[in-house]
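To start, the structure under review is shown below, and the notes come after it.
The values are calculated or read from the model by the stated rules, or taken from the named source; none is laboratory data. None of these values were measured; they are calculated from a predicted model. All Cβ positions, even for glycine, are placed from backbone atoms using ideal geometry, and neighbour counts span all protein chains on display.
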Amino acid sequence: MKKILSYLLTLVAVFSAQAQSSIISSTPEGTLYPTVYGGSAKTYLLSQGGFGSFADNYGYCAPIVIDGDDMYIHNVIREYPGIDSWVKGHFAEDGVVEFEFPQPVAIDPNTGETLYAAMLKGDFVEGIVAFVPNTESPCLRLQSNETRDKFTQIIPEVADDDVFAAYAGMIGLVNGEGTFRSYAEQNVSYEIWSEVPATPSAQVETQAYTADYKDNWNDSFKRLIQIGVDGKDAWIGGLCEALPEAWLKGSVQEDGSIILDSKQYLGVANDYLYFMCAVDKNASGAYSMAPSVVLKPVEGGYEAAGPMVFNLGYSRVFLGIAVENLKCTVKVASDPIPVNPVFGEPEWDANDGMGVADVLILPESVDGEALDPENLYYRVFFDGELAALEYDENYNPVTELKYGKESDLILFMYDWHFIIFLEPLKSIGVQSVYKDGDKEYCSDLVTFDFPSTSVSDLSGEAKEVASECYYSLDGTLLANPEGMCIRKVTYSDGTVSVTKIVKK
């Protein structure tokens, strides 16, 4: 025991002596490369009491600054929530960039302690596997090419019989004592991205189409898109939900069909580089990369011969937005009256003192045409009164929000708007509004009436809570719930309540 304690104290002493003093939170001086194709062969994290990893986390945006022989990387520990810092390295011999670790990169919001990026190695502490700072090889080393626009991690050599060989080169998050704090990356790479998204010339005439398709979960969607043909080139704009301003470029064939090549770069969204990737789908529903997808001409428009994915990165199918069974139909002129909003299961929780109303607001017209989300708004009514959803810079109430816009009381996810209310209500109403020039087209005002037992019957004795747990919206049990989640409460009388809440 004394030997182990002495060993750990030595690690702490060495670690603390090497640690830099302050987090680099401002963009360093030098040449900023804001669009960098970052990647990690493996990303590690502790979750739900276990240690896990996922592979091929490529395509995230990792800005780089180069100032002479100094180099800075933004958010080297990629997946830690809220991280916003830089680590500093230096070009040494033979184009190798060395980052001497540990370097401070974040503050734990729960404990206030400083967290550091450090090179890690596996070890046994009292017979238990642990990851500790690698004081023998404390540097992250990246090999650059001659033009200094591509960098790949040099993995430290380890013996073949080392039981921890698989973890060589881990860059992890630790506290000031060198204790591993869950997040790590391994075998990182960075490529300064010079390609720009393709766009048609201003002279290309386009026509509005309604795109009907299904996503990864077989849900149906409509989007307003534009298609234009310029000689042998075809252009399709507005199909990518994450980057609605992005264009796909295709080649027009003699039969009028359009071939869209795979791996087209579309731009940066959600801190990732997005690409259109054509895919094949096997019998089990898994996607694999394909070289292209064909849009065949049919009566009234086009029909895709296969699926595509708006993908994070281009090296593998990863967390993409699928577009299957795509049909593009010329938009017919009609009054753009939006479809009625649809309520999920709004709920009020007296224990939390708040409620959440989930409302599906679709950018579609009653005639089945796609509507431009930029012109779609909605209004909310609490107990029949028009509600203030936010306040402008002059503290005037804003009673109309654009589709997809979030505020302190609104969260948005895949056409669902989650409306938070802090007092019990008898009813909540929502109305969609489409603005076309000086004209407004409104849906019906759709109202949800709360059962009296869930709101007004609050005078009885409160039931005793026996246990509670939290889940993500996809049903995963959460150890540290944050943001929008599902709360399940079991009471002493055996009854159970399930509510959507925002956990802060």
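The single condition among (1) over 17 Å from VAL446 (Cα atoms); (2) in contact with a helix residue (DSSP H, G or I) (Cβ under 9 Å, 6 or more places away or on another chain); (3) in contact (Cβ under 8 Å) with a residue 60 or more places away in the chain; (4) of a type in the set (D, E, K, R) that ASP372 does not satisfy is (2). The set of residues in the stretch 60-93 being under 26 Å from GLU136 (Cα atoms), surrounded by fewer than 18 Cβ atoms within 10 Å (Cβ to Cβ) and in contact (Cβ under 8 Å) with a residue 40 or more places away in the chain consists of ASP70, LYS88, PHE91. Annotation note: of ILE77, ILE73, the sole residue that is at pLDDT below 95 and of a type in the set (A, V, I, L, M, F, W, C) is ILE77. Test VAL332 against the criterion of being of a type in the set (Val, Ile, Thr), over 30 Å from PHE54 (Cα atoms), surrounded by fewer than 18 Cβ atoms within 10 Å (Cβ to Cβ) and touching a Lys or Arg at 6+ places or on another chain (Cβ under 9 Å), and give yes or no. So VAL332 fails the test.
Need at least 3 residues that are over 18 Å from the mean Cα position of the chain (by Cα) per element, so show me which strands (runs of 3 or more DSSP E) inside the stretch 399-444 make the cut, counting only ones lying wholly within it.
Numbers: elements: 410-413, 416-421, 427-436, 439-442.
By residue number, 416-421, 427-436, 439-442.
Summed over the stretch 160-178, residues that are closer than 17 Å to VAL125 by Cβ and buried (at least 18 other Cβ atoms within 10 Å of the Cβ) total 5.
On the given criteria, is ASP94 of a type in the set (Asp, Glu), under 30 Å from GLU146 (Cα atoms) and either part of a strand (DSSP E or B) or under 27 Å from the mean Cα position of the chain (by Cα) (or both)? Before you say what the answer is, go through the steps one by one.
Numbers: of a type in the set (Asp, Glu): yes; under 30 Å from GLU146 (Cα atoms): yes; either part of a strand (DSSP E or B) or under 27 Å from the mean Cα position of the chain (by Cα) (or both): no.
So ASP94 does not fit the description; no.
Among residues of the stretch 378-392 that are without any contact (Cβ under 8 Å) to a residue 12 or more places away in the chain, those with a beta-carbon under 7 Å from a residue that is surrounded by fewer than 17 Cβ atoms within 10 Å (Cβ to Cβ) and not charged (D, E, K, R) at least six positions away or on a different chain give the pairs ALA388/PRO397; ALA388/VAL398; ALA388/THR399; TYR391/PRO397; TYR391/VAL398; ASP392/VAL398. The condition (being in contact with a Gly (Cβ under 6 Å, 6 or more places away or on another chain), at pLDDT below 95, surrounded by 13 or more Cβ atoms within 10 Å (Cβ to Cβ) and at negative phi) is satisfied by just one residue among LEU46, LEU120: LEU120.
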